[in-house]
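Report on the following structure.
The values are calculated or read from the model by the stated rules, or taken from the named source; none is laboratory data. Predicted model only: the values in this text are computed from it and were never measured. Note: ideal-geometry Cβ built from the backbone for every residue, glycine included; neighbour counts use all protein chains shown.
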Amino acid sequence: MSSRVGILTSRAGGTTIKLRNGLRKFLDAEIVEMSRFFDDFDELRNYEVALNYINSRQQITLGSIAESMTTLINDVSTFMKCKSKAFVSFLMRSRGIPVPETFILSHPYTEEKIEEILRRVRFPLIVKPNSGSCGKASILVREEDDLRGVLDYISAIHEIPPVSEKIVVIQEYVKDARDLRAFFVGDEIVAVEERVKESGWKRNL
């Protein structure tokens, strides 16, 4: 087996290209677009290690196939857990790490559930999908009527299967928050990056 490193992705983009260019200073690395495979994935055996950047919606199928062919970093189970904003928030809280107040609302969004959340939240707050990045589909909600409207809209979309796992995260809005990204190798933090957005309420890029 060669010592090449594969960067597995659904489609090559800015992050994977930067990662490949950085790795090439030290290793023989290349991007592998999983969408070009139909039935024969044996090419993946040529990579001693593969970095997992496959789209989360394709992770169970394509990620699991890749995992059977090579050493995958991160493995499918770790990837799926990290993509869940709710899981990560509650895991951090259970470890004593301060996080914004977080509620999980699973479909159907009954009046009883909404009333219970309204008794416990403080506006403004954020409504966001449980997975995703860059603040996509996150909504800043400033009052009760807006929250009900957002949940009504999401509920209507969920009637068109399959849209998502049908879980939304309702989270305390933290003004002037900072976007810090920590990079781990095993249990060790090897780098921290702060990313700054010039305008808008969203702090992540």
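For Lys197, all conditions in the list (1) in contact with a helix residue (DSSP H, G or I) (Cβ under 8 Å, 6 or more places away or on another chain); (2) part of a loop (DSSP other than H, G, I, E, B); (3) not hydrophobic (A, V, I, L, M, F, W, C) hold save one; what is the number of the exception?
The single condition Lys197 does not satisfy is (1).
Could you pull out the residue among Leu62, Leu51, Leu27, Leu44 that is within 19 Å of Ala12 (Cα to Cα), without any contact (Cβ under 8 Å) to a residue 60 or more places away in the chain and in a strand (DSSP E or B)?
On inspection, the qualifying residue turns out to be Leu51.
Do you know which residues across the stretch 160-205 are assigned by TED's automatic domain parsing to the domain that holds Ser138 and modelled with pLDDT under 75?
Ile160, Pro161, Pro162, Val163, Ser164, Glu165
Search the stretch 1-55 for residues being within 18 Å of Ser68 (Cα to Cα) and of a type in the set (Phe, Trp, Tyr), and hand back the single one that is surrounded by the most Cβ atoms within 10 Å (Cβ to Cβ).
Per the criteria, the residue is Tyr47.
Let me confirm something: among Val121, Val150, which residue is over 19 Å from the mean Cα position of the chain (by Cα), modelled with pLDDT under 90, surrounded by 12 or more Cβ atoms within 10 Å (Cβ to Cβ) and within 20 Å of Pro98 (Cβ to Cβ)?
After ruling out the rest, the residue left standing is Val121.
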